Amino acid sequence: YEYFCHKYKTSNNTIKRFENISKNFEDIKTKKFYLKENLRKLTYFSGKNYVRDLLLFSTCLDNNKNKIYSIEKLIYYVNTCKIPKFPISGDSLKDYGYETGPALGEKLKSLEEQWINNNFEIDKEIIKKSLNKSKAN
């Protein structure tokens, strides 16, 4: 794709789409890639357009009609799913004694990882316990 993009002077948007497919090419070959949970995570990180590109490209790898039908359902899922919004902000951490800086960023990132790994849900009590532990340290 790099040679093609260079030779034909493609747009930055097209280059990014090709990069996305190239970066995720090995993942497309695994069955786990097609789980809705994984697609939701990928949508959160990359956006709906990039996930749709991957799903459409995967039909080129395997022309099985049943798989194509499944891909259509997954594209519909991606089109209709809401991209989760992380419910915690840096300002909310300041209420627990954090000041702007690396510690706040690290704690925010840690809480976001927990939230993502828990299928974009996090119990408010877990947040409070986590923040209060850090405040005590």
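Go through (1) part of a helix (DSSP H, G or I); (2) surrounded by 15 or more Cβ atoms within 10 Å (Cβ to Cβ); (3) modelled with pLDDT of 85 or more; (4) not aromatic (Phe, Trp, Tyr) and name the single condition residue 130 misses.
(3)
Looking only at region 1-26, how many residues end up being open to solvent by 70 Å² or more (accessible area, probe 1.4 Å) and either assigned to a helix (DSSP H, G or I) or of a type in the set (D, E, K, R) (or both)?
14
State all residues of region 56-103 that are modelled with pLDDT of 85 or more, surrounded by 10 or more Cβ atoms within 10 Å (Cβ to Cβ) and among the β-branched types (Val, Ile, Thr); if no residue qualifies, say none.
Within region 56-103, 59, 71, 75, 78, 83, 88, 100 meet the criteria.
Out of region 80-104, which residues are farther than 22 Å from residue 42 by Cα and either touching a residue at least 40 places away in the same chain (Cβ under 8 Å) or not in a loop (DSSP other than H, G, I, E, B) (or both)?
Once the filter is applied, which keeps residues that are farther than 22 Å from residue 42 by Cα and either touching a residue at least 40 places away in the same chain (Cβ under 8 Å) or not in a loop (DSSP other than H, G, I, E, B) (or both), region 80-104 yields 90, 91, 92, 93, 94, 102, 103, 104.
Can you find even one residue in region 42-51 that is in contact with a Phe, Trp or Tyr (Cβ under 9 Å, 6 or more places away or on another chain), under 30 Å from residue 131 (Cβ atoms), open to solvent by less than 90 Å² (accessible area, probe 1.4 Å) and touching a residue at least 40 places away in the same chain (Cβ under 8 Å)?
Yes, because at least one residue in region 42-51 is in contact with a Phe, Trp or Tyr (Cβ under 9 Å, 6 or more places away or on another chain), under 30 Å from residue 131 (Cβ atoms), open to solvent by less than 90 Å² (accessible area, probe 1.4 Å) and touching a residue at least 40 places away in the same chain (Cβ under 8 Å).
Identify, by number, the condition in (1) in a helix (DSSP H, G or I); (2) open to solvent by 80 Å² or more (accessible area, probe 1.4 Å) that residue 112 doesn't meet.
Every listed condition holds for residue 112 apart from (2).
The values are calculated or read from the model by the stated rules, or taken from the named source; none is laboratory data. Everything quoted here is computed from the prediction, not taken from an experiment. Neighbour counts are summed over all protein chains in view; Cβ atoms, including those assigned to glycine, are modelled from backbone coordinates with ideal geometry. Quick note on the areas: whole protein, heavy atoms, side chains included, nothing else; ligands and nucleic acids left out. Shrake-Rupley method; radii C 1.70, N 1.55, O 1.52, S 1.80 Å.
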